[in-house]
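First the structure, in the form of structure tokens, and then the observations on it.
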Amino acid sequence: MKVTDSERDPGALIDAFCDQVWLQDGLAATSLESYRRDLVSWARWLDHDAGKHLLSAARNDVEAFLAAQFRAKAKASSINRRLSSVRRFYRLHLMQGSIAADPTLRVKSPKLPRRLPKNLSESQVESLLEAPDTRTTLGLRDRAMLETLYATGLRVSELVGLKLAQLSLQMGVVRVLGKGSKERMVPRGEEAMAWLRQYLSKARAQLAGKAKIDAVFLTGRRGPLTRQAFWQLIKRHGIKGGIP
């Protein structure tokens, strides 16, 4: 595929990408800057270490970039976010016909470490995660909430306040509006994504019924969960899991 001079300019490609995702998602300036920073880092590495431009990257280039990030002692969450940015960039260009194949297609996301409460051991956390009865609608919801909480480190208020528009299952990230109305992108682990997909496909529709509500996690009364309700279910599952 012939590449034009404008397509060889990484700055122009990144600017065009940021304009496109802003039009699609209406992202805050901080999220757009995060995309831009990740893609500039990727473009510089690709040029310096692989001698390639953005639209000629291959899967092995992406994997080598991630490996370089690990060697530089970058956090798994940061590497995951960069991969998410790169992945969205190439999926957009694949849709536009600028590239013939997505170089990120079979690249696996780094496994994110679970953020454990200081007063719980890892075995206790596993017991807590496994306490909900996922054969039930509410149990599946609770498991998805707990997995999301531990994979992302969200505040409880951010977790119960999640809206459907903030989830990107395809990209593996959550857009969170935190304190001071600051928006940030938080990567999720594969385990959390798997449980979220199950909950959204099997349980949420039953909880929502015919009601049109944009909250991700719902109660049996078709409303969003409160922080107090979440702590009550934590207590209930903790007792079931044998946690003092």
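The values are calculated or read from the model by the stated rules, or taken from the named source; none is laboratory data. Predicted model, so just to flag it, every value in this text is computed and none were measured. Cβ coordinates were reconstructed from backbone atoms using ideal geometry, including for glycine residues, and neighbour counts include every protein chain displayed. We work out accessible area using only protein heavy atoms, side chains counted, and drop any ligands, DNA or RNA first. Shrake-Rupley method; radii C 1.70, N 1.55, O 1.52, S 1.80 Å.
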ask   = Hey, rough spin-label estimate for Arg197 and Asp47, points 7 angstrom out along Cα→Cβ, what's it come to in nanometres?
value = 3.7
task = For the range 38-92, give the magnitude of the charge dipole about the Cα centre (Cβ charges: +1 Lys/Arg, -1 Asp/Glu; no others), in debye to the nearest 20.
result = 260
inquiry  = Give the separation of the Cα centroids, the range 42-102 to the range 132-155, in Å.
reply    = 31
key: Structure-derived semi-axes √(5λ) of the Cα gyration tensor in Å - corresponding label in (1) 25, 21, 17; (2) 37, 20, 15; (3) 33, 19, 16   = (2)
request  = Could you grab the relative contact order for the range 1-82? Cα pairs under 8 Å, six or more apart, rounded to a whole percent.
outcome  = 27
key: Förster radius 41 Å - calculated FRET efficiency between Asp15 and Leu164 (Cβ-Cβ, nearest 0.05)   = 0.90
remark   = With label points set 7 Å from each Cα along the Cα-to-Cβ direction at Leu120 and Arg222, the distance between them in nm comes to 3.2
query = Largest first, what is the accessible-area ranking of Ile243, Ile79 with a 1.4 Å probe?
reply = Ile243, Ile79
task = Round to the nearest 10 and report in Å² the accessible area of Met193, as given by a 1.4 Å probe over the protein chains' heavy atoms.
result = 20
On Cα atoms only, tilt of 227-240 relative to the major axis of the chain in degrees = 70
task = On a 0 to 90° scale, report how tilted helix 76-96 is relative to the longest principal axis of the chain, with both axes built from alpha carbons and the result rounded to the nearest 10.
result = 60
message = What is the distance in Å between the Cα centroid of the range 8-36 and that of the range 214-241?
response = 36
task = May I ask you to give the solvent-accessible area per residue for the chain, in square angstrom, as obtained with a 1.4 angstrom probe?
result = 54
request  = State the extension gain, in nm to one decimal, for the chain segment bounded by Arg184 and Arg59, taking 0.36 nm per residue of separation less the distance between their alpha-carbons.
outcome  = 42.3 nm
remark   = Given 29-39, 81-91, the highest-first ranking by average Cβ count within 10 Å works out to 81-91, 29-39
task = Starting at the first residue of the range 42-57, write each ³J(HN,Hα) from the Karplus equation 6.51 cos²θ - 1.76 cosθ + 1.60 with θ = phi - 60°, in whole Hz, x for Gly and Pro.
result = 5, 5, 5, 5, 4, 5, 6, 8, 10, x, 10, 9, 4, 8, 10, 5
request  = Could you size up the charge dipole of the chain around its Cα centre, putting +1 on the beta carbon of Lys and Arg and -1 on that of Asp and Glu, and report it in debye to the nearest 20?
outcome  = 980
